[in-house]
Amino acid sequence: MGLRTVAVYSDADRAALHVLHADEAYRLGPAPATESYLRGDLILEIAHRTGADAIHPGYGFLSENADFAEACATAGVVFIGPPASAMRALGSKTLARQAADAAAMPRMPGSVTGLDSVDEALRVASEIGYPVMLKAAAGGGGKGMRAVASPEDLASAYAAAGSEALRSFGSGELYLEKLIERPRHIEIQLMADEYGGCLYLGERECSVQRRHQKVIEEAPSAVVSDSLRRRMGEAAVRLALSAGYVNAGTVEFLVDAEENFYFLEMNTRLQVEHPVTELVTGLDLVHMQLQIAMGEPMGLKQEEIRLRGHALECRIYAEDPENNFFPSPGLITRLVQPAGPGLREDCAVYEGWVVPLDYDPMLSKLVAFAPTREMAIDRMLRALDEYAIGGIKTNIGLFRRILMDEDFRAARIDTGYLERLLDRGAAAAEEAAVPEAIIAVAAALLSSSAAESLPAVEPLRESKWAAAGRQESLRS
């Protein structure tokens, strides 16, 4: 678009890719986010110093901070996102639940305001019944969340969730809602302009999660019908319009087996997983964000939005799945990235980069696109086989396991799917740990009875390629 870019960075990100590729880059402060990326005053100071017209907050730190959006407006700098009023109404999980009630959207039973104490949490939980989920009112990304199965567990979960929420979002406020067993997590992508135009751009399936953190996202969902997509999309648009929403946003739902959907929350920012929507719609969401922030209308109608093909995104992390997913920071000694038709990688690292311990350990987002879901899965598997990162541990092997799993390939997934898959793997590992003596005895027995017990082996079926080659050889 011909726009010059200014990057800001902490000491830990001095050599990060966004710093290297920007036209200008300025230091914010030390690695801790409270001293760097959460310092809105410093960011605005740099914007004024460089003459920047607008700030894109990305999808972390201050991206859902209404006070920062308001500070930008006061300073005469465009915040590329919703206005502070809409962010307050929908970015706060508790206020968003109140807005959902006003917009006649089905939602999960639970509190519509922040909890004052453990006693209030116990009262609400007893009214709606266990199990329940405690959630941070000010954030997302799986932080500040705890599932609670009984009253005895609630006090400790309340303290842990509140502490984590305070560290992550600067607010320890919590709310509580009913926990539905084995739901699917489906979200609707929205885009709205300043002129009352609001579109839903299809859905994303985000059910493959670990500890409430998304691992794989795909678009469209394999189980969402045209009717359900329209009902969810229209409900999401209704909610956004009621709050005067502008720019990109995502409304998240839980969906049960009977196609009932329940409002979960709204993310008042661009999502990590937005590339899968871009691939199936053919739209550039960041480009649209910038156009809207410039005061331009979208120039699209809902009936013009078409979903084509299927896209999958794998979040590549510096973590060790074999060691309880412990972070694996360190020097990247080797990096071989996949390429080819239907592949896209939004990557944040390079060979020689040191992955810091200070932030979320996501390295890249690998996305595969194909005409069908099965083809997209196979294309992603091929890409993962080509992907090599040396010097640190990653979760690339876990993705291969998921994509080859029969339940995943058949789209038999829900928010508890990955935990069950990991439990199956742990159980299989325990069964495989058979004492050596038993293995030796079994081997001896097998050897002595091999001739009697081995079944007849059928010859391999000749492939068409081999048959064609043999015929050509005979002719020549």
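Table: residues versus (1) acidic (Asp, Glu); (2) in the same structural domain as Glu419 (by TED's automatic domain parsing); (3) under 26 Å from Glu259 (Cβ atoms); (4) crowded, with 20+ Cβ neighbours inside 10 Å.
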| residue | (1), (2), (3), (4) |
| --- | --- |
| Ala136 | no, no, no, yes |
| Gly142 | no, no, yes, no |
| Met145 | no, no, yes, yes |
| Glu152 | yes, no, no, no |
| Ala157 | no, no, no, yes |
| Gly170 | no, no, no, no |
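Can you tell me which of (1) within 30 Å of Asn247 (Cα to Cα); (2) at pLDDT 90 or above; (3) within 23 Å of the chain's Cα centre (by Cα); (4) surrounded by 19 or more Cβ atoms within 10 Å (Cβ to Cβ) is the one Ala84 doesn't meet?
Among (1) within 30 Å of Asn247 (Cα to Cα); (2) at pLDDT 90 or above; (3) within 23 Å of the chain's Cα centre (by Cα); (4) surrounded by 19 or more Cβ atoms within 10 Å (Cβ to Cβ), Ala84 violates only (3).
Tell me which residues, restricted to the stretch 267-280, are of a type outside the set (Lys, Arg) and within 14 Å of the chain's Cα centre (by Cα). Lay out the reasoning, then the answer.
At the first step, the residues of the stretch 267-280 found to be of a type outside the set (Lys, Arg) are 267-268, 270-280.
If the condition is that a residue be of a type outside the set (Lys, Arg) and within 14 Å of the chain's Cα centre (by Cα), then Asn267, Leu270, Gln271, Val272, Glu273, His274, Pro275, Val276, Thr277 are the ones that fit.
Can you say whether Arg182 is within 23 Å of the chain's Cα centre (by Cα), surrounded by fewer than 22 Cβ atoms within 10 Å (Cβ to Cβ) and either of a type in the set (Gly, Ala, Ser) or over 30 Å from Ser85 (Cβ atoms) (or both), as far as the supplied structure shows?
yes
If I ask for residues that are among the acidic types (Asp, Glu) and within 20 Å of Glu278 (Cα to Cα), which ones from the stretch 235-256 would you list?
Of everything in the stretch 235-256, just one residue is among the acidic types (Asp, Glu) and within 20 Å of Glu278 (Cα to Cα), namely Glu252.
Tell me yes or no: at least one residue of the stretch 264-279 is of a type in the set (D, E, K, R), buried (at least 17 other Cβ atoms within 10 Å of the Cβ), touching a residue at least 40 places away in the same chain (Cβ under 8 Å) and within 22 Å of Phe408 (Cα to Cα).
There is at least one residue in the stretch 264-279 that is of a type in the set (D, E, K, R), buried (at least 17 other Cβ atoms within 10 Å of the Cβ), touching a residue at least 40 places away in the same chain (Cβ under 8 Å) and within 22 Å of Phe408 (Cα to Cα).
Kindly establish whether Ala96 is of a type in the set (A, V, I, L, M) and out of contact with any Leu (no Cβ under 7 Å at 6 or more places or on another chain).
no
Tell me, which residue of the stretch 71-81 that is among the small types (Gly, Ala, Ser) and out of contact with any Ser or Thr (no Cβ under 8 Å at 6 or more places or on another chain) is surrounded by the fewest Cβ atoms within 10 Å (Cβ to Cβ)?
Gly76
Only one of these is of a type in the set (D, E, K, R) and within 24 Å of Ser111 (Cα to Cα): Arg238, Arg210, Arg230. Name it. Walk me through how you get there before you give the answer.
Details: Arg210 fails: within 24 Å of Ser111 (Cα to Cα); Arg230 fails: within 24 Å of Ser111 (Cα to Cα).
The conditions single out Arg238.
Which residues, taken from the stretch 297-327, are in contact with a Phe, Trp or Tyr (Cβ under 6 Å, 6 or more places away or on another chain) and assigned to a strand (DSSP E or B)?
Within the stretch 297-327, Ala311, Cys314, Glu319, Asp320 qualify.
Please indicate, with yes or no, whether at least one residue in the stretch 351-359 is modelled with pLDDT under 95, more than 24 Å from Arg204 (Cβ to Cβ) and acidic (Asp, Glu).
For the stretch 351-359, residues modelled with pLDDT under 95, more than 24 Å from Arg204 (Cβ to Cβ) and acidic (Asp, Glu): present.
Sort out for me the strands (runs of 3 or more DSSP E) sitting completely within the stretch 328-397 that have 1 or more residues that are of a type in the set (A, V, I, L, M, F, W, C), touching an Asp or Glu at 6+ places or on another chain (Cβ under 6 Å) and crowded, with 17+ Cβ neighbours inside 10 Å. If you could, list the steps in order and put the result at the bottom.
Numbers: elements: 334-336, 343-347, 362-370, 388-390.
Per the criteria, 334-336, 362-370.
Looking only at the stretch 399-422, count how many residues are part of a helix (DSSP H, G or I) and either over 25 Å from Leu254 (Cα atoms) or among the small types (Gly, Ala, Ser) (or both).
Total satisfying the criteria: 3.
So if I check each of Leu95, Leu122, which one is at pLDDT 90 or above, among the aliphatic types (A, V, I, L, M), surrounded by 14 or more Cβ atoms within 10 Å (Cβ to Cβ) and not assigned by TED's automatic domain parsing to the domain that holds Leu254?
Leu122
Scan the stretch 360-374 and report the pairs whose first residue is closer than 14 Å to Gly330 by Cα and whose second residue is among the hydroxyl-bearing types (Ser, Thr, Tyr) and at pLDDT 95 or above, with Cβ atoms within less than 6 Å and a gap of 6+ or a chain change.
Taking only residues 6 or more apart or on different chains, the pairs are Pro361/Tyr317; Met362/Tyr317.
When you scan the stretch 41-61, do you find a residue that is surrounded by fewer than 21 Cβ atoms within 10 Å (Cβ to Cβ) and within 17 Å of Ala165 (Cβ to Cβ), even just one?
Taking every residue of the stretch 41-61 in turn, at least one turns out to be surrounded by fewer than 21 Cβ atoms within 10 Å (Cβ to Cβ) and within 17 Å of Ala165 (Cβ to Cβ).
Filter the stretch 138-160 down to the residues that are in a loop (DSSP other than H, G, I, E, B) and either of a type in the set (D, E, K, R) or on the phi < 0 side of the Ramachandran plot (or both) and list them by number.
Hits for the stretch 138-160 are Ala138, Gly139, Gly140, Lys143, Met145, Ala149, Ser150.
One line per residue, one yes/no per condition, for (1) part of a helix (DSSP H, G or I); (2) within 21 Å of Tyr158 (Cβ to Cβ):
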{"residue": "Pro82", "(1), (2)": "no, no"}
{"residue": "Leu90", "(1), (2)": "yes, no"}
{"residue": "Arg97", "(1), (2)": "yes, yes"}
{"residue": "Ala100", "(1), (2)": "yes, no"}
{"residue": "Ala104", "(1), (2)": "no, no"}
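The values are calculated or read from the model by the stated rules, or taken from the named source; none is laboratory data. Every value quoted in this text rests on a predicted model; they were computed, and no experiment measured them. All Cβ positions, glycine included, derive from the backbone under ideal geometry; neighbour counts span all protein chains shown.
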